[in-house]
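Data first, discussion second: the structure below is written as structure tokens.
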Amino acid sequence: MTGVDTRKLRLAAWAIILCGFFSLSALVAPAPVAAQVLDHIEIVETPTAAEIHIVFNARALYLRHTPSQQGDLIRLFLDFPDLDRSFRFPRELASSPPSDLVPKFTVTFPDQGTNGLSIRFAKPVQFRVSQRDIRSSSRIVISVKLERPALPPPLPHEIEAPPATPPDATGPKLSFEVPPFSPGMNVETYAEDLMKLGRKALNVGENEKALQIFNALLNLPPNKQSQAAQEWVGVARQRSKEYEKAKTEYELYLKLYPEGEDAVRVRQRLASLQESISQLAQAKTGRSTKKKIDEMRFYGSVYTYYYGGYSQTETTDKVANTTTNRSSHDQSLSQTAFDVTGRYRKDEYDNKLVMRGTQSYDLLATSDTRRNISRLRALYYEHASQDSYFIRVGRQPGNTGGVLDFRFDGAWVRYVAVPQFFNVNLIAGQPRQFSLTSNFVPDDPRNFRADLKRYFYGVNVDIGPIGQAWNSNLYFINQMVNGIVDRRAVGTELRYAANGKNAFGLIDYDVSYNVLNVAMLNGTWVTEGTTYTLLVDHRRTPYLQTSNALFGTPNATLQTINSTNESLLREQAKAVTATSDLFLIGALHTVSTDWQLGGDFRYNKISGTGQTNCLIILPGTTTLFINPNAQTDAACSLQAQPGSGSILTYSAQVIGAKFPFENTTFVANASYITSPAYRAQSLTINSLARFGPQLQIDGFVLLYHQKDSFNVDLYRATPTIRMNYRFFDDWTFEASGGYEKTLTDSSTFKDSTARQFFFFGLRRDFS
């Protein structure tokens, strides 16, 4: 086939793919919502493994995962206790940072139908999952077996082992003299002969001869053997114990040939050699030496997506026997985002500059405020010294040490008092809180409540590991708003990880209100073939803060919150803040190599809010008063709200690999829900298939039925499909969409709604 024919074929294939996905106009993505949950990814090397740290903007609890310990696709099932569990998270992707330790991978959050995530590697890996990192409860740690040995071997694995006995003296004696190059000889043939001769010399221990041969090869005009010869001259130096010269040869190789699998192998050899040099120096001096590092990396991603949606509704009034129809174009939005990291490491010092932001343009918005929304999600600088200190300043995620907000503008300083055991952290800043009014644009900086002069400061300490399994964090935090206490709390986070057991506990107590904000225990126990899960969670929702009073105070301004009104506001805050209780217990059992069966029981209850003091501000004053008409004046604000009652959920889950065909992960979940207000049944089926290293298709179906206490039936069916195709190694095309059919039927009316929704876009990862 000619080059022209091949090009035409590729263009035709792309046309078919694009037309196919655009014509489906029924393919996944609910409307993008404001809060991004996935923050960033780190790769940390340990003596035995490479740890992948997936860091979230909110506290994340690990429940279970599949497969158990080996594969190229890992699916994690998570819970986010600080977030609304009914919340539908936006689509997020992240690529692995540059690393020679593990194969490249991509992270997708959330999976369809769950709040979990998927990690897809370029090739299968051995791994284990835990949540034991001392620094934060908002990260999941995946330990992947190193592609190279943890300790450097005496020789690279490509070198054949020397013979057990010397060559037979009576046999033909091998000559390792460099043959002359005669005019007219083919350079490529001559170079190939030299390469074979040099490898033989290394094989029998003639390192000096091998070095002469490889140098002679490198002195030839550039040829097919030049690249390999540059590597093997380093090997010859290393076998001759000329370690510094070998290091120079490997470094020259990487300057000349920085890309490809061979470069990865040479980087591994260089790292091993540097470790050997360090060990030798330590053996001679009796003192440890710092690992020599001098590298700069720039990596990240940028993407742009378009989201669309259409709805059609038919409503029948059974009493009047009339039918009305409505159609709407309910979503048309473009979104562009960037995530850029610059990192410079010099010996024990590590510097990092991070920038993340999004820009959304809503083509259906009726006002400029809502039409074009730009969000700077992160802009911070980090500087760290190994086993000494850490500093981060700027807009950064806030999810540890008692900080409640997704992000804040401020500083975080850590002092390592006792390496690998005791850290002292100081943190201070301004939360990036946004408008509490009913018509605000979520997460839009232009709706930031500038009138709420919030700031916080706190101190916390990291302790551990103790006994190689326990570690903890103790914290104090004080948050002020317009000169009065908003929140003042002490708390502790306790973690345990050992022998397949992972546990996390949290207590947060507000010493200003004398109220327990959170008491939580999460644990998993992985035995041979079975994973057990436990979650017990009691909390104020949201966390009790004086500013919660603004939920029930109309037209609140800067003057609303002051010392004169403090006692009234605190009573209001307690009245409008509910309490949530959750209990979950479950198990997942491996019944065969490819199949897992599990189930769980969930109890959930949210209290009502009490009788609120409906506050008003008299004209011409800055003082709050209790509205005497609070019972009847709906305009004044929130009224008392009933609680949810006890909600019980019984679920069964099936997870299969290689079903219905190879390279497919299958998840089915059936649930029965009972509460004072309704009864419901749901069935979700998800199948994620990989077609080679480039194409992934994710299909999902939701079937749901609910009957409430007024005998109103609700039926919903939502089939969706999503695909992503990676090309040119760093480009990804994504398309997704679905169809949602909802039927509501009662004795007086019948409502039928059909909605089609879709998105498509491009993503570029760079490093």
Taking the stretch 427-454 and keeping only residues that are at pLDDT 85 or above and either outside the structural domain of G402 (by TED's automatic domain parsing) or not in a strand (DSSP E or B) (or both), one is left with none
For D387, indicate whether it is within 28 Å of Y299 (Cα to Cα), assigned to a loop (DSSP other than H, G, I, E, B) and not aliphatic (A, V, I, L, M). yes
The stretch 455-521: strands (runs of 3 or more DSSP E) wholly inside it with 3 or more residues that are in contact with a strand residue (DSSP E or B) (Cβ under 6 Å, 6 or more places away or on another chain), modelled with pLDDT under 95 and farther than 19 Å from V403 by Cα are 501-510
Across the stretch 651-670, the tally of residues that are crowded, with 18+ Cβ neighbours inside 10 Å and without any contact (Cβ under 8 Å) to a residue 24 or more places away in the chain stands at 1
Only one of G342, G308 is under 25 Å from S736 (Cα atoms), out of contact with any Cys (no Cβ under 9 Å at 6 or more places or on another chain) and not β-branched (V, I, T), namely G308
Over the stretch 691-715, the set of residues outside any strand (DSSP E or B), modelled with pLDDT of 90 or more and among the small types (G, A, S) is S709
Within the stretch 522-544, residues among the acidic types (D, E) and not in a strand (DSSP E or B) come out as E528
Q.
Is it the case, given these coordinates, that I647 is modelled with pLDDT of 95 or more and buried (at least 18 other Cβ atoms within 10 Å of the Cβ)?
A. yes
Checked pairs for the stretch 401-421, first β-branched (V, I, T), second assigned to a strand (DSSP E or B), C-beta under 6 Å and 6 or more apart or across chains, list as V413/I391; V413/L426; V416/N423
Residue count, the stretch 302-347, condition in a strand (DSSP E or B) and either over 31 Å from the mean Cα position of the chain (by Cα) or farther than 27 Å from R395 by Cα (or both), comes to 23
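This table checks each residue for (1) loosely packed, with under 13 Cβ neighbours inside 10 Å; (2) modelled with pLDDT under 90; (3) more than 30 Å from A754 (Cβ to Cβ).
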site: T315; (1), (2), (3): no, no, no
site: L353; (1), (2), (3): no, no, yes
site: S367; (1), (2), (3): yes, yes, no
site: I373; (1), (2), (3): no, yes, no
site: R395; (1), (2), (3): no, no, yes
Per the filter on the stretch 320-351, residues of a type in the set (G, A, S) and surrounded by 14 or more Cβ atoms within 10 Å (Cβ to Cβ) are S332, S334, A337, G342
Counting only residues that are more than 30 Å from P98 (Cβ to Cβ), among the aliphatic types (A, V, I, L, M) and touching a Phe, Trp or Tyr at 6+ places or on another chain (Cβ under 7 Å), the stretch 304-341 contains a total of 1
Condition set modelled with pLDDT of 80 or more and touching a Pro at 6+ places or on another chain (Cβ under 8 Å), scope the stretch 57-72, selection farthest from T664 (Cα to Cα): answer is Q70
All-but-one check, P221 against (1) under 46 Å from the mean Cα position of the chain (by Cα); (2) surrounded by fewer than 16 Cβ atoms within 10 Å (Cβ to Cβ), failing number (1)
### Message
Being modelled with pLDDT of 95 or more and either outside any helix (DSSP H, G or I) or under 30 Å from F749 (Cα atoms) (or both): is that true of Y299 here?
### Response
no
Those residues of the stretch 239-250 which are closer than 14 Å to A201 by Cα and either out of contact with any helix residue (DSSP H, G or I) (no Cβ under 7 Å at 6 or more places or on another chain) or crowded, with 16+ Cβ neighbours inside 10 Å (or both) amount to R239
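The values are calculated or read from the model by the stated rules, or taken from the named source; none is laboratory data. This one's a predicted model, so the numbers in the text were calculated from it and none came from an experiment. As a convention, Cβ positions derive from the backbone with ideal geometry for all residues, glycine included, and neighbour counts pool all protein chains shown.
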